[in-house]
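Engineer: This structure is in structure tokens; I'll ask about it shortly.
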Amino acid sequence: MNVAQSDNKRVAKNTILLYGRMFLLLAVSLYTSRVVLSALGFENYGIYNVVGGIVAMFSFINMALANSTSRFITFSLGKDDLDDSRQVFNACFIVHIIIALVIILLSETVGLWFLYNKMVIPESRMYAALWVYQFSVIACIASILYAPFNATIIAHEKMSAFALISILDAFLKLLIAYLISVFRDDRLILYAFLLLCVSITDIIIYLIYCKRKFPEVKFERIKNKNNPEEIMGFAGWSMIGNLAFVGYTQGLNILLNLFFGPIVNAARGVATQLQSAVMGFVTNFQMAVNPQITKSYAQGDFNRLHTLVYASSKFSFFLLYCIILPLSIESKSILSIWLVDVPDYAVQFTVLTLFARLIDTLSNPIGISNNATGTIKTYQIFEGGSLLLIVPIAYLVLKLGGNPTSVFWVQLIIMYAVQILRLFLVCGKINMSKKEYCKKVLLRIIPVAVVSAIIPLMLHQLLPSSIVSSIVVVLISIGSVLLFSYLIGLEYNERLMLQKKAIEIKNRLISQE
């Protein structure tokens, strides 16, 4: 078996492991969020989402650093140099400690001022909001400190460990949902505190696992003083893009609070929860592929790099569209079944947010390829700078009388325009033809997206509103996307490969009988 086949087998194995994890986490997450929303109520749920969002506003620093850490650790492993890997890990961990101290300083000064002076929170709930804020700060610090360990697990492609740890995390949150449902005092404070306990548990498990399994995870003095500087330099430019991400997630959440209050934030929280669950369908696949993209660049294998970018982009889109299409068409019915009592605007927020995230399936492989090159300055300035426009334009639209959904229309339009910009910024750096990308990706996914939606939309309009008709539309939607993805989206050799795999699985099942 050659190296490429071995890598492909590893990607497939890791993808299967992550998808097994995802289906379990999806069920737990959806049930947990329903119980939490019911226990807290719309106002408390909205307060938790927006107050936690203040801390998340500072997390763009950590997100930039996490991207930098993942790139440097994965790149180092691609060179197969243990001493270099150990030096890179230690440099990353020290830089994360520094960033944790910076975020504590910002959170306890600027963040507290913003909470007391700008947020729209009922006076009777300000005491609880303050506790939620402080617990969120500590949880944020915990996530910063375990980021290097998380990046190491993913770089080594040990997805079984990653899956098991995240499953434990999900079941602990399920326990939290039960506890706050039976607790009679201030449930909001208890909820924030228990989530903090889960975050601390995560970092302890990551630390123990990595120390035992990976030889490069050994704390020692840094010999190469350039490593921290390179990591910080890379992270510095990454901050532009991550600041933009925080802007169109937490920034829009805070805008909604300033203009419409915490009840609308509850609707935003519901949309975000469903979005996070749905994105797992793609994140798991891309998490298995991303290390291979970086390692292919490190090894100078551009043919494999391009193949991975095309395949990751296309298959990620099809996987997510299988879920987004039925969710969008039957969003009102699905949210009613899931939550029973649905906050105003939750349906509109959910649909627009899902279609905005759909573009992320295409942006991720391009962004990972760009990070692999190590030269990200121009990319971050233009991509991040363009995405930063979402918040000020959304603010202007609201000042002119826009309704809550208008901010997500702004986000949707700008995100789709920026994807075109990404191609011009990255293709030349990785020797990839823009024409070939359009041929192998865009001209495959666009027809599938349009054609597969026709029959489900017609059925939604023709069938009477009921649970049975919603189930029919959902099943037809999924089947339609899968069928047209196979007929239109896949190339001839890809269809042959799937047929071969199907025959192998069939023969294996028959032999076991």
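Engineer: Quick one: go through segment 326-364 and flag any residue whose amide nitrogen is under 16 Å from the point 7 Å out along the Cα-to-Cβ line of Tyr31.
Structural biologist: Only 338-339 fall inside the zone, counting backbone N under 16 Å.
Engineer: Can you compute the radius of gyration and Dmax for segment 282-440, using only the Cα atoms, both in Å?
Structural biologist: 17.9, 54
Engineer: Okay, next question. Multiply the residue separation of Met497 and Thr373 by 0.36 nm, subtract the distance between their alpha-carbon atoms, and state the gained length in nm to one decimal.
Structural biologist: Numbers: separation 124, 0.36 × 124 = 44.64 nm, distance 3.08 nm.
Answer, rounded to one decimal: 41.6 nm.
Engineer: Arrange Arg444, Arg268, Arg495 by Cβ neighbour counts within 10 Å, fewest through most, would you? Walk me through the intermediate numbers first.
Structural biologist: Details: Arg444 22, Arg268 29, Arg495 13.
Result, fewest neighbours first: Arg495, Arg444, Arg268.
Engineer: Within a 10 angstrom radius of the beta carbon, how do Glu216, Glu436, Glu383 rank from fewest other beta carbons to most?
Structural biologist: Working: Glu216 21, Glu436 12, Glu383 24.
Listing Glu216, Glu436, Glu383 from fewest to most nearby Cβ atoms yields Glu436, Glu216, Glu383.
Engineer: Please order Ser166, Ser452 by the number of other Cβ within 10 Å, starting at the fewest. Mind dumping the intermediate values first?
Structural biologist: Details: Ser166 18, Ser452 26.
Lowest to highest Cβ neighbour count: Ser166, Ser452.
Engineer: As a quick test, which of the pairs Lys158/Lys500; Lys314/Lys399; Lys332/Lys439; Lys173/Lys332 have an alpha carbon distance above 32 angstrom in this structure? Mind dumping the intermediate values first?
Structural biologist: Working: Lys158/Lys500 27 Å; Lys314/Lys399 39 Å; Lys332/Lys439 36 Å; Lys173/Lys332 26 Å.
Lys314/Lys399; Lys332/Lys439, as the Cα separations exceed 32 Å there.
Engineer: Could you calculate, for segment 346-488, the ratio of the Cα radius of gyration to the Kirkwood radius, expressed as Rg to Rh?
Structural biologist: Numbers: Rg = 18.6 Å, Rh = 17.7 Å.
Taking Rg over the Kirkwood Rh, I get 1.05.
Engineer: What list of ³J(HN,Hα) couplings, whole Hz, do you get for segment 129-144 from phi and the Karplus terms 6.51, -1.76, 1.60, once you set θ to phi - 60° and write x for glycine and proline?
Structural biologist: Couplings: 4, 5, 5, 4, 4, 5, 5, 5, 4, 5, 5, 5, 4, 4, 5, 5 Hz.
Engineer: Net charge near Ser143: determine it from the other residues with C-beta under 13 Å of the C-beta of Ser143, scoring Lys and Arg +1 and Asp and Glu -1. Kindly include the intermediate steps, with their values, before the conclusion.
Structural biologist: Numbers: positive: none; negative: Asp169, Asp202.
It works out to a net charge of -2.
Engineer: What is segment 326-369 by shape, rounded, prolate or oblate, if you read a ≥ b ≥ c off the alpha carbon gyration tensor as root eigenvalues and call it rounded for a/c under 1.5, prolate for a/b larger than b/c, and oblate otherwise? Kindly include the intermediate steps, with their values, before the conclusion.
Structural biologist: Working: a/c = 3.53, a/b = 3.02, b/c = 1.17.
It is prolate, given that a/c is not under 1.5 and a/b is the larger ratio.
Engineer: Using the basic label-point model (7 angstrom from Cα toward the beta carbon), what is the Ser433 to Leu457 distance in nanometres?
Structural biologist: Spacing of the two 7 Å Cα→Cβ label points: 3.3 nm.
Every read-out reported here was derived from the displayed coordinates using simple, explicitly stated rules and does not represent laboratory data. Fair warning: this is a prediction, and the values are worked out from it, not measured in the lab. Backbone-built Cβ (ideal geometry, glycine too); neighbour counts: all protein chains shown.
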